[in-house]
Amino acid sequence: MAEINGRALTAVAVGTLFVWSGVKGWSVLATIGDVVKGRKPSESGVTPLTVAGDDTGDGGTQGAFGGGTITGTGTGAAVAAEAVKWVGHPYRYAGAPGMDGKGFWDCSSFCNFIYAIKFGLPIPGYGPGKWNGSNHGPPTMSWAVWPGIKNVSRAEVQAGDVILWVGHMGIAISNTMMVHAPNPKRGTVIDRIEVEGKPIRTARYI
């Protein structure tokens, strides 16, 4: 697989941020400045990570779904099983997990850690073994436009697949459930795939 040009991918990701900021009515420069500095963007309504049921306890936590049974075999099931091991890990926007996963992460740096460090797979802008977890790594927007994963239909989703929304992502553990890191309050949890709304892309590695 050819390594993707990091600068080109970053340019596409920034362009996506401009478009999305316009749709949401954010200050584009303020949003980019916050992201570059590793801070959560400060505009109101800037994070689409709130999960239904956060305040009532019915948001689909691991306990509510019996731990989320992994379905499937092979590498995808192994990826899902590894992701489940990290349920309960704390969240920090733009966090860098490190090689050992001891650092905080957000939704995309969690996925970067599982796919790149635990399984040695390429991720957007990085070839196999090239990302070491010392920085956040590629954000969700980069994953959303990355050709290194191939689309599958929602009906075809299986364990280990990448699930993407605008501004959020997770790892499927079955056709109905996923592991993701939605916010600081919940950390890394198991939820229904649709808890974030309809995904914009469901994909797996080529």
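What follows is calculated from the coordinates using simple rules that are stated; it is not laboratory data. Given the structure is predicted, the values throughout are model-derived calculations rather than measurements. Because the Cβ atoms are built from the backbone with ideal geometry, glycine has one as well, and the counts that use them run over all protein chains shown.
When the range 93-125 is filtered for residues that are touching a Pro at 6+ places or on another chain (Cβ under 7 Å) and either part of a loop (DSSP other than H, G, I, E, B) or not hydrophobic (A, V, I, L, M, F, W, C) (or both), the ones remaining, listed by number, are GLY103, PHE104, SER108, SER109, ASN112, GLY120, LEU121, PRO122, PRO124, GLY125. Taking first residues from the range 108-129 that are within 15 Å of ARG204 (Cβ to Cβ) and partners that are part of a loop (DSSP other than H, G, I, E, B) and among the aliphatic types (A, V, I, L, M), the Cβ contacts under 6 Å between residues at least 6 apart in sequence or on separate chains come to TYR115/LEU121.
Mind telling me which of the residues THR176, THR140, THR188 ends up being in contact with a helix residue (DSSP H, G or I) (Cβ under 7 Å, 6 or more places away or on another chain), surrounded by fewer than 16 Cβ atoms within 10 Å (Cβ to Cβ) and polar (S, T, N, Q)? When all the criteria are applied, what remains is THR176. Summed over the range 137-155, residues that are among the hydroxyl-bearing types (Ser, Thr, Tyr) and within 14 Å of TYR115 (Cβ to Cβ) total 2. Residue-level analysis places GLY98 among those that are surrounded by fewer than 18 Cβ atoms within 10 Å (Cβ to Cβ) and either among the charged types (D, E, K, R) or closer than 23 Å to PRO184 by Cα (or both).
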